[in-house]
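The values are calculated or read from the model by the stated rules, or taken from the named source; none is laboratory data. None of the values given here were measured: they were computed from a predicted structure. Glycine gets a Cβ as well: all are built from the backbone with ideal geometry, and neighbour counts include every protein chain shown.
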Amino acid sequence: MAYTTVTAAAVGARIKAVWANLLVGAIQELQAAAVGLGTDKRPQLRVYAPASVTNGAVVPYATVRKDTHGGWSGASFYRYTVPLSGLWLVQIGYKCGGTANTPSQYFDVGGTMQAGGPNSPSGGYLGGGLNFTADLVAGDLCSVRERGGANYTPQNDSAGSRGVGSNFFCMTYLGPTT
């Protein structure tokens, strides 16, 4: 029987590869445990279709598409309680008929504006959108408010079986703040 001599460098390389794989797996498990979630449990909120919007008031999103952690309080509050501290992707879209007076919306955290949308120009349909990231703390109360001096009826285009239509508020947890 013939034997092949394995070099110390080859054995060392193999040991390093095994340890690297174990280390990567352990890091992934620790990351999931640190936020109390598996990769399929990333907090998400998707609400849409307000019936009407009043200047200065919280936008009353009527339909919940997804709320993975039960943080949405509809009824009269229409706000989201952030379940985890970290970096969040926030997306807001709004659209109405041309009778509104330059609508605009902003993202509110605990009564303070964090980001505001552009005032929409006049035309057949008015609207706009905001997409940004925000560092939020667990327990923050987040909502969307109208701020452009407009009361209007939203143009709630079809949301389809998986979408959110033209008037929406979405939040997705991206991970711990770095």
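Can you pull out every residue in segment 135-169 that is buried (at least 19 other Cβ atoms within 10 Å of the Cβ) and assigned to a strand (DSSP E or B)?
Within segment 135-169, Leu136, Cys142, Ser143, Val144, Arg145, Glu146, Tyr152, Pro154, Phe168, Phe169 meet the criteria.
If I ask for residues that are over 24 Å from Ser76 (Cα atoms), polar (S, T, N, Q) and either under 18 Å from the mean Cα position of the chain (by Cα) or modelled with pLDDT of 95 or more (or both), which ones from segment 119-148 would you list?
If the condition is that a residue be over 24 Å from Ser76 (Cα atoms), polar (S, T, N, Q) and either under 18 Å from the mean Cα position of the chain (by Cα) or modelled with pLDDT of 95 or more (or both), then Asn131, Thr133 are the ones that fit.
Conditions tested, residue by residue: (1) in contact with a strand residue (DSSP E or B) (Cβ under 8 Å, 6 or more places away or on another chain); (2) touching a residue at least 24 places away in the same chain (Cβ under 8 Å); (3) within 19 Å of Thr153 (Cα to Cα).
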{"site": "Arg46", "(1), (2), (3)": "yes, yes, no"}
{"site": "Ala49", "(1), (2), (3)": "yes, yes, yes"}
{"site": "Ala57", "(1), (2), (3)": "yes, yes, yes"}
{"site": "Ala62", "(1), (2), (3)": "yes, no, yes"}
{"site": "Lys66", "(1), (2), (3)": "yes, no, no"}
{"site": "His69", "(1), (2), (3)": "no, yes, no"}
{"site": "Ser73", "(1), (2), (3)": "yes, no, no"}
{"site": "Val82", "(1), (2), (3)": "yes, yes, no"}
{"site": "Ser85", "(1), (2), (3)": "yes, yes, no"}
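In segment 35-62, what residues are part of a helix (DSSP H, G or I) and either modelled with pLDDT of 80 or more or surrounded by 10 or more Cβ atoms within 10 Å (Cβ to Cβ) (or both)?
Answer for segment 35-62, where residues must be part of a helix (DSSP H, G or I) and either modelled with pLDDT of 80 or more or surrounded by 10 or more Cβ atoms within 10 Å (Cβ to Cβ) (or both): just Lys41.
Every residue in segment 123-148 that is touching a Pro at 6+ places or on another chain (Cβ under 8 Å) and not hydrophobic (A, V, I, L, M, F, W, C), please.
Of everything in segment 123-148, those that are touching a Pro at 6+ places or on another chain (Cβ under 8 Å) and not hydrophobic (A, V, I, L, M, F, W, C) turn out to be Gly127, Gly128, Glu146, Gly148.
Please go through segment 101-115 and give me each residue that is in a strand (DSSP E or B) and not hydrophobic (A, V, I, L, M, F, W, C), ordered by number.
Gln105, Tyr106, Asp108, Thr112, Gln114
Can you report the number of residues in segment 71-118 which are more than 14 Å from Val144 (Cα to Cα), modelled with pLDDT under 80 and buried (at least 20 other Cβ atoms within 10 Å of the Cβ)?
1
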